[in-house]
Structures are given as C-alpha cells and as structure tokens.
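Below: the structure, in structure tokens.
The values are calculated or read from the model by the stated rules, or taken from the named source; none is laboratory data. It should be emphasised that the depicted structure is a prediction, and the values quoted were computed from it without experimental measurement. Cβ placement follows ideal geometry from the backbone for every residue including glycine, while neighbour counts extend to all protein chains displayed.
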Amino acid sequence: MKKSMLPNWVPWLTFLLLLIGLFFVQELKIQSAIVTASADPKTEVLISLITNLEAETAALEDRLASIRQETEALIGQAATGESQLTELQNQLTQAQIQAGITALEGPGITIQLDDNNSGLTSSPADDPNRYIIHYENLLYLVNDLRNAGAEGISINGQRIVVSSEIRCVGNVILVNTTRLAPPFEISAIGDPKALEEALASSTTYQQLSLSGFPVSYKTTGSHSNNISLPAYTGSFSTKNLTSAAHEEAS
Amino acid sequence: MKKHIHGWQIYLAITFILLGIMISTQIQTQNRLMSDLSLQSTSDLSIMLKNLTDKRWQLSEEIEEAENNLIHSQDDYKDDSELMSRIDSELERLQLINGTIEAVGSGISITVQGNLLSSDLVLLINELWAASAEAVTINDFRVTPTSGIGYIETLDKTYLTCDGNVLHEPITIKAIGNGPILEKSLTMPGGIADNLSLYQIYLHMELQEEMQLEALPTQPQLRYGKIPDKE
C-alpha cells in the first residue's frame, strides 16, 4: 500500500486555520453578548444617567476648584502687610498642600502599568481576569509608595487624598468615584531613591512584572523635570466631624 | 536569480494576515469588555449611579459653603477680624481632614479578632473611605493623607504598622462618619467581613454616638513637594 505523503505546510496551515476558527467563535460569542447587553433598555437608561452625572460632577469639580482659587487670591490680597493675617494664611496654605487641594511639584517617580494583552493573546481560553490590572494592585502600590514617604500621589490625573477610595464596580476601576481605564500612570512626589527602593521590595510590583504585565517606572534625576500632580478637585465629607477643642468649649 | 514563490506560501501569508486581524480585533473587544459601561451588569451600573449621585450632592454642598465663604470674605475685606475668623474656620476644617487636630464625632469602632495581614488592613481602611468615612484611627494612630500600612518582623512575631508605629493586638479601628452606612459597607454579603471570616478573622463592630480620635503627634513637613510657581 502506498503511504500518502502530506506536504510539510499542510499541518501548519491546518493549525493556523483552527486557531482562526477559535478566535472567530470567541469573537462571535462576545459580540452576541454586547448586542444583548446594549439592547437592554434598563441598561441604556442607567448608562445615560451615569454619563450625564459624570459630566455634571466634572463641571462641579471645576467650579469648586475655581472658588478655592478665588478665595485663596482674595485672602492673599487681604493678608499683604498684615503679619497676623499673613501667618494664618501661611498655615492655611500648608494645610491645603497637606490635604492635596493644591497642585504639587517635585522630584519623585512615575510608574506605568498596563493590562497583560500579550499574555491574554497567547492564552485566549484562559480567564481574562488573570491578565488585567485590578484595583487592589493600584491600592497596594499606593500604600507601598506612602510607606516610602511619598508626599503626594496621583493615578491617571486623579489626586489621591486621605479619603480617596480605589475600588472597582464590575470591571471598572474607580478612583475618587471617577472611572479610570488602563494604561495606568501612578505619579508620586518624594525621595526618588526611597520610592525606587519601595518598588524593588513591592510584592505587587514584582508580581506584576514577573507575570508578564508591561510595568515600568522612571524616577526624576538631577537633570530631569520634576513631577507635577494636579490638585484634588473633589469634596471632603465632614458632616459628622467636629474639632475636639470646639466640643470641649461648648 | 529569480526565486519561485510556491502557492502554499501565498496561502500561508493570507492565513497569517487573517490571524493578525483576528488577534487585534480580539484584544480591542476584550479591552472594551473590561471597561465599557454597556457590558457591566445592571446591579454594577446601579452602584455606580448611586456613588455618582452621592458625589454630586457632596460637591454641591461644599460649593454652596465655599461660595458663601467667598462672598462673605469679599464683604469682610476691610474687616480683618471677620476675615481671620473665616480663615480660621477653613483652617480647622482642613486640620480635621488632615488629622492634625483631635476630632470628635459619631461613627463606628471595629475590633479585629484574628491574624490580619497588612494587605487586609489596607483593604479594610479603603472600604471605610469608600463608605464616606470622615476620619480614621488604627489603635489610636490617626490615618493621614500620607499614611502607609506595613509590617515588621521580630524573631517570634510579625506586627502590623501604621506610619511605622507598631500595632499591637487587638487592632481597633475607629471611623467617624455615618455609622450604619460604614457598618453596612463592611458586612454586605460577599464583602470584606465575609472574606476575612474565611481566614478566621472576625470584625466586631459597634456603632458609637460619640468618640474622640487622636491627632497626629507632630505636624507633617514636606521635604520634596512644593506648590508650582504661578506663571
């Protein structure tokens, strides 16, 4: 019996075509899920409400930032030449810097993080959650930077203040209730060397790096530009909060 | 010398091009799947809507207060004592937020039973801020804008730390804010209390009508950061 001889390229082509078929089926499934989700009228209403509210809160944040600036300018004008007022104004400025409601610049570090797209591509059947940056990764990195003495931090332009929450709802990461999408850039002001060392010993950073996530960082050197952090434009909730000194006086 | 191209090479090239297109489409779709609102569940969208509504109200309230202050400051421009009293009041508000003065208010106290990891404590504190906590202490150490949670190891035990201060057990967290909301945020099904209980870590919560939170013992000084020069 004559043995049939297949050319070398046939098994390769078969394998590639199978792979294409797999991607095609996956894509069809996802697209069908998208169509089903988009067709839900309740979802559409919720999305429209969220989009409107995001625009509204962004406008309110701009307004609050501008009032803060006007007030600051007014106090600065009034304090000229008045030593007591000047002293109080200086204390206020320091408190504003600590609270994060002023922009801040200085030396430090910038970390870049992104989802592991190449990992996902090479293992399309794997759980996609293994290849995305989770809110915990950002939260732990912020904590690592704080432990290294970071004086100010921002993530994708969102300034981290004392009450900033980093969380996720579904697959969406929220910082200061603002939606953020990858790639993420964490900027921190502080001693560049200490911040760099913190990353070297950061379990989160090292794990992401070892798992193939595209992570990198850059510190400011003596010749490079300083890092600039934007001011926090959100509000602080103080409804239930009173100074202990006030409480004693009353 | 002219090279001869085989038919199969063309087929293979086309197949590779197709594969490239498929992979790129797949990545784009996957990215969209991760963050597009239309692909989130109705309950997740409802949570986002509620958070944004709360944020809008909070912003509106603070804007109203800041606008009033601004108008009055303009009126008080020539009256130093009035202006100073307004600056004083804003300064006190910021000091409360920064943790540089003692704070009093209602809220919740949480005593942790079990071996908490530093990452658990980071998540727990984050959860409290997400539920609109207004001031927080861990074992009477005030959590400030630059506070970090870590751990130190001794020969026989590992201790958690807050800003380098050792946290001896039991760890007690106090948070000023809306007590019932703070409690609910921790105890919701599948929430942090549920997750910790899987590791035999239990949170004992008590609503407090009034409690006092310690201030940071020393005023923080910035060594590296400064306000950018105005152009």
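Some notes on this structure:
- Listed conditions (1) farther than 29 Å from A:ALA150 by Cβ; (2) more than 26 Å from the chain's Cα centre (by Cα) are all met by A:GLU87, apart from (1).
- Search result, residues across region B:114-159 that are more than 7 Å from chain A (Cβ to nearest Cβ), touching an Asp or Glu at 6+ places or on another chain (Cβ under 9 Å) and in a strand (DSSP E or B): B:THR137, B:PHE141, B:ARG142, B:TYR159
- Residue that is nearest to the chain's Cα centre (by Cα) [pool: residues in region A:181-191 that are within 9 Å of another protein chain (Cβ to nearest Cβ) and crowded, with 22+ Cβ neighbours inside 10 Å]: A:ILE189
- Subset of region A:157-177 that is more than 21 Å from A:PHE236 (Cβ to Cβ) and not β-branched (Val, Ile, Thr) - its residue that is farthest from the other protein chains (Cβ to nearest Cβ): A:CYS168
- A:ILE101, sole failed condition from (1) buried (at least 16 other Cβ atoms within 10 Å of the Cβ); (2) of a type in the set (Val, Ile, Thr); (3) not in a loop (DSSP other than H, G, I, E, B): (3)
- Looking across region B:173-231, the residues that are crowded, with 17+ Cβ neighbours inside 10 Å and without any contact (Cβ under 8 Å) to a residue 40 or more places away in the chain come down to B:ALA193, B:LEU222, B:TYR224, B:GLY225.
- Among residues of region A:18-35 being under 30 Å from the mean Cα position of the chain (by Cα) and polar (S, T, N, Q), the one that is modelled with the highest pLDDT is A:GLN26.
- When we screen A:SER164, A:SER154 for residues that are among the polar types (S, T, N, Q), under 15 Å from the mean Cα position of the chain (by Cα), under 16 Å from A:ILE109 (Cβ atoms) and buried (at least 21 other Cβ atoms within 10 Å of the Cβ), the only hit is A:SER154.
- Within region B:198-231, tally of residues that are of a type in the set (S, T, N, Q) and over 19 Å from B:ILE108 (Cα atoms): 4
- Whichever residue in region A:41-58 is over 20 Å from the mean Cα position of the chain (by Cα) and surrounded by fewer than 17 Cβ atoms within 10 Å (Cβ to Cβ) and, among such residues, is nearest to A:GLN96 (Cα to Cα): A:GLU56
- A:PRO214 being of a type outside the set (Ser, Thr, Tyr) and more than 19 Å from the chain's Cα centre (by Cα): no
- Looking at B:LEU59, B:LEU96, just one residue is in contact (Cβ under 8 Å) with a residue 12 or more places away in the chain, within 21 Å of the chain's Cα centre (by Cα) and either not assigned by TED's automatic domain parsing to the domain that holds B:CYS162 or not in a strand (DSSP E or B) (or both), and that residue is B:LEU96.
- Extreme residue, farthest from A:ASN176 (Cα to Cα), among residues of region A:115-144 that are more than 10 Å from chain B (Cβ to nearest Cβ) and not polar (S, T, N, Q): A:ALA125
- Meets criteria (surrounded by 20 or more Cβ atoms within 10 Å (Cβ to Cβ), under 30 Å from A:ALA95 (Cβ atoms) and in the same structural domain as A:ARG130 (by TED's automatic domain parsing)) for A:VAL172: no
- When region B:49-64 is filtered for residues that are within 16 Å of A:THR71 (Cβ to Cβ) and more than 7 Å from chain A (Cβ to nearest Cβ), only B:GLU64 remains.
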